[in-house]
Amino acid sequence: MTNNLSILSLLVRNEPAVLTRISSLIARRGFNIDSLAVGETHDRSISRMTITFRGDEYVKDQIVKQISKLHDVIKAELMDVTEMVARELLLVKVEAKNGQRGEIVQAAQVFGANIIELSQESLTLEMSGEVSKVTEFIEFLKPYGIAELCRTGTTALGKGQYILN
Amino acid sequence: MKISGAQIVIETLIEQGVEMVFGYPGGAVIDIFDALDRSRDRLNYTVSCHEQGAAHAADGYARSTGKTGVVMATSGPGATNLVTGIATAYLDSTPLVAITGNVAQSLMGKDSFQEVDIRGITMPITKHNYLVQDINKLADIIREAFAIANSGRPGPVLIDIPKDIQVGECEFIPGKPNGSKYKTRVKEEELERAMKLINEAERPIIYAGGGIVSSDATEELLQFADLIDAPIGSSMMGLSAVPHDHPKRLGMTGMHGKLAASKAMSMSDLVVAIGTRFSDRATGNKKEFTKGRKFLHIDIDPAEIGKNIPAYVSLVGDVKQVLTMLNDKLEKTMRVEWHNEIEEVKEHPDSRLEMDDSRLNPQMVIEAVREFTGDDEVVATDVGQHQMWVSQYYKFSKPRTLLTSGGLGTMGFGMGAAIGAAIGSKKRTVLFTGDGSFHMNMNELATAVSNQLPIVIIIMNNNALGMVRQWQTLFFDKRYAGTTLNRRTDFVKFAEALGATGYRVEDKDNLNDTLEKAFQTEGPVIVEALIFNDEKVLPMIPPGRSIKDVIIKG
Ligand SMILES: Cc1ncc(C[n+]2csc(CCOP(=O)(O)OP(=O)(O)O)c2C)c(N)n1
């Protein structure tokens, strides 16, 4: 059984309850999802969702077919991971003590993170990157004391002409 | 012209070809009922005793006629009472449109009187559902609901209409039903692969499901069976698709299927499964079920392919259209050896299951009833042993004549379904039920009386929840927990009390005379047949097991 992370992209009608329809379907069919990110597209009547999940070939096949049956789902496609770019956004607040700030700022540069808020007690950083990169950065920050953090979950787009419509 | 939301509901239903609404009134649908009543010359309605009964009636109407059933209920308890009926329709893919009223939008989300989120509640048991929030969209939502209920694999759709939408007004532009848009798109190479599989098989068997019935594909199926010279086994939902006297018919397969049918499945090297979803009740142990054979799966719902049984080749489409494509290409084959093997299995003494005829038994009752019924009269059942006996012994001749809750197994389905069928088919309808199931919704006899419906209700009274009792006998050392209820119900008096007619038969010698009287009675009539409480449904493949473990003797 291969339980690699898969990425499913959806175009859905931007109707009330559409998120509930999808998440409740996923729950009752027993699929395990890692993340779900959703937002409007350039066409306000359509939203795009990116769902990451683990499962074997059977799960991959069923999740696409079952979700495709929902009336509000316009398109459901498993992304070809070699032909896409995927990013996740991280916001993290670190309890940076005096004397540690320099190290954190340096690391932020290496990881490509930005400092977006500074206070006496803490430092808030933003970073976008592949999931593994984001996880790595969080691991690095842990010893300094993470007050809180937010991850959006993965979003993904196909490369070049690989367009979902 | 501006009309009210309630009137828009009625006008759109009429426009969609609806002739009958099943339902029950209440504060949150009072406006729609008012509009309905004022249009009664164009759109009729039947009020049940309980919304569940109305939902099953709409379902039975749909199953027997092929048209979309419509059910209407008020908010809160009215809406929740529909839930079992909607789920029953969902699991058996019946086209149904359920309309519920709800409190005004200004009261929503505040736990107002009789407010429930019926959209949320029915999300997992509908193909789609709506909460109408804009009166300008009402007509199109109803039109879309009918299109969804009917397109592809049919199923229920619910529309929740808040009070303020019903009483509001807007411009109504008449429309038309947007006929089925479904088109089968099977590729040439897929057809070729399927044909190759069929031609290479030595012992193919057809496994026909409810999809044959809903796609009206009996003729195509029989031609296909003839061309590839294969016997036909059926799921319970597919039983009425093949006439009882057809030489290729094996009958039902699975847990309580005919022995010959289940055996033939296990001897085959190719199963051509058509319009079926391989329920666990039909397959038993999947490993054994699939061992040594390939599957060609034909179904309109792509999600069914590979869901329960891996398909070697699959064709996704309307089964009538797919079968026509295959039939056009196939050349007639003869499989004499396979044919002889099947005949041998059919002739085997174990395959002729007959019940002990020293006493009044279910087989006798069912066969005797058949002497009084025409080929196109509908038979509804409830759930339990009697349902299996009907599946085994009733001689079905035409599609849509068996109405039974296959997927959800809803006790209490039968009475409502029979009402819907009697109204839809405008013919006498028979209900086979058990004492347990009948007790669930026997209130609906009052509905049948009010409408003077010709329904013959055969209650197989074994004084037990027989199907569960059978499991307890076989698998729980005869501990009959909760299944011997000592009811004191006098069904004859009950019938009379509600304004119907009642008969009781205890002795096999009186069976024919009693049925004769019952079938001459106008309006609804109950025949209570007292049967032995340890009568078994046999054969039985125990749950999760295979034909190797079949039980054939009681
Ligand atoms: C609503 C509902 N509740 C419980 C069950 C479980 N169940 C399945 S068969 C059965 C017994 C049915 O008894 P009866 O209607 O008397 O029929 P019989 O088996 O005796 O023919 C029960 C309780 C069910 N299928 N549906």
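The values are calculated or read from the model by the stated rules, or taken from the named source; none is laboratory data. Not measured: the values here are computed from a predicted model. Note: ideal-geometry Cβ built from the backbone for every residue, glycine included; neighbour counts use all protein chains shown. Side chains are part of the model used for accessible areas, which takes the heavy atoms of the whole protein and leaves out ligands, DNA and RNA. Shrake-Rupley method; radii C 1.70, N 1.55, O 1.52, S 1.80 Å.
Could you tell me which residue of the range B:304-352 is nearest to the other protein chains (Cβ to nearest Cβ), considering only residues that are of a type in the set (Gly, Ala, Ser) and within 19 Å of B:Ala225 (Cα to Cα)? Among residues in the range B:304-352 that are of a type in the set (Gly, Ala, Ser) and within 19 Å of B:Ala225 (Cα to Cα), the one nearest to the other protein chains (Cβ to nearest Cβ) is B:Ser314.
Tell me the residue from B:Met20, B:Met123 that is open to solvent by 10 Å² or more (accessible area, probe 1.4 Å), within 14 Å of chain A (Cβ to nearest Cβ) and not β-branched (Val, Ile, Thr), please. Answer to the check: B:Met123. Scanning the range B:335-390 for residues that are away from the ligand (no atom under 16 Å from the Cβ), in contact (Cβ under 8 Å) with a residue 12 or more places away in the chain and among the aliphatic types (A, V, I, L, M) returns B:Ile342, B:Val345, B:Leu353, B:Ala368, B:Val378. Among the candidates B:Thr429, B:Thr447, the residue that is away from the ligand (no atom under 16 Å from the Cβ) and over 26 Å from B:Pro399 (Cβ atoms) is uniquely B:Thr447. Considering the range A:40-74, the residues that are open to solvent by 70 Å² or more (accessible area, probe 1.4 Å) and not basic (Lys, Arg) include one that is farthest from the other protein chains (Cβ to nearest Cβ), namely A:His42.
Taking the range B:392-413 as the range and being more than 9 Å from the ligand (Cβ to nearest atom), open to solvent by less than 10 Å² (accessible area, probe 1.4 Å) and within 12 Å of the chain's Cα centre (by Cα) as the test, the residues that pass are B:Thr401, B:Leu403, B:Thr404.
With within 22 Å of B:Ala241 (Cβ to Cβ), open to solvent by less than 80 Å² (accessible area, probe 1.4 Å) and among the acidic types (Asp, Glu) as the only criterion, which of B:Asp356, B:Asp328, B:Asp318 stands out?
B:Asp318
For the range B:99-106, the criterion of a residue being surrounded by fewer than 18 Cβ atoms within 10 Å (Cβ to Cβ), of a type in the set (Ser, Thr, Tyr), away from the ligand (no atom under 16 Å from the Cβ) and modelled with pLDDT of 95 or more is satisfied by at least one position. Has the range B:438-447 got at least one residue that is under 22 Å from B:Val83 (Cα atoms), among the polar types (S, T, N, Q) and part of a loop (DSSP other than H, G, I, E, B)? No, there is no match, as no residue in the range B:438-447 is under 22 Å from B:Val83 (Cα atoms), among the polar types (S, T, N, Q) and part of a loop (DSSP other than H, G, I, E, B). Of all residues in the range B:133-142, at least one satisfies being over 19 Å from B:Tyr24 (Cβ atoms), in contact with a Cys (Cβ under 9 Å, 6 or more places away or on another chain), more than 13 Å from chain A (Cβ to nearest Cβ) and surrounded by fewer than 17 Cβ atoms within 10 Å (Cβ to Cβ).
Give me a count of the residues in the range A:75-87 that are hydroxyl-bearing (Ser, Thr, Tyr) and within 13 Å of another protein chain (Cβ to nearest Cβ).
0
For B:Glu171, the conditions (1) surrounded by 17 or more Cβ atoms within 10 Å (Cβ to Cβ); (2) of a type in the set (Asp, Glu); (3) more than 11 Å from chain A (Cβ to nearest Cβ) are fulfilled apart from (1). Residues in the range B:279-303 that are surrounded by 24 or more Cβ atoms within 10 Å (Cβ to Cβ), within 14 Å of chain A (Cβ to nearest Cβ) and more than 19 Å from B:Glu220 (Cβ to Cβ): there are none.
Which condition number does B:Ser351 fail, the rest of (1) at pLDDT below 95; (2) over 30 Å from B:Asn510 (Cα atoms) being met? Single failed check for B:Ser351: (2).
Comparison of B:Met440, B:Met460, B:Met467 shows that the only residue that is within 15 Å of the ligand (Cβ to nearest atom), open to solvent by 20 Å² or more (accessible area, probe 1.4 Å) and within 17 Å of B:Val390 (Cα to Cα) is B:Met467. Looking across the range A:105-119, just one residue is part of a loop (DSSP other than H, G, I, E, B) and free of Cβ contacts under 8 Å to residues at least 12 places away in the same chain, and that is A:Ser119. Which one is least open to solvent (accessible area, probe 1.4 Å), of the residues in the range A:14-39 that are within 11 Å of chain B (Cβ to nearest Cβ) and not hydrophobic (A, V, I, L, M, F, W, C)? Among them, the one singled out is A:Arg21. Residues in the range A:88-103 that are modelled with pLDDT of 95 or more and either buried (at least 17 other Cβ atoms within 10 Å of the Cβ) or not assigned by TED's automatic domain parsing to the domain that holds A:Gly145 (or both): A:Glu88, A:Leu90, A:Val92, A:Lys93, A:Val94.
Give the residue, chosen from B:Glu522, B:Glu506, that is surrounded by fewer than 14 Cβ atoms within 10 Å (Cβ to Cβ), in the same structural domain as B:Phe413 (by TED's automatic domain parsing) and more than 16 Å from the ligand (Cβ to nearest atom). If you could, list the steps in order and put the result at the bottom.
Numbers: B:Glu506 fails: surrounded by fewer than 14 Cβ atoms within 10 Å (Cβ to Cβ).
The match here is B:Glu522.
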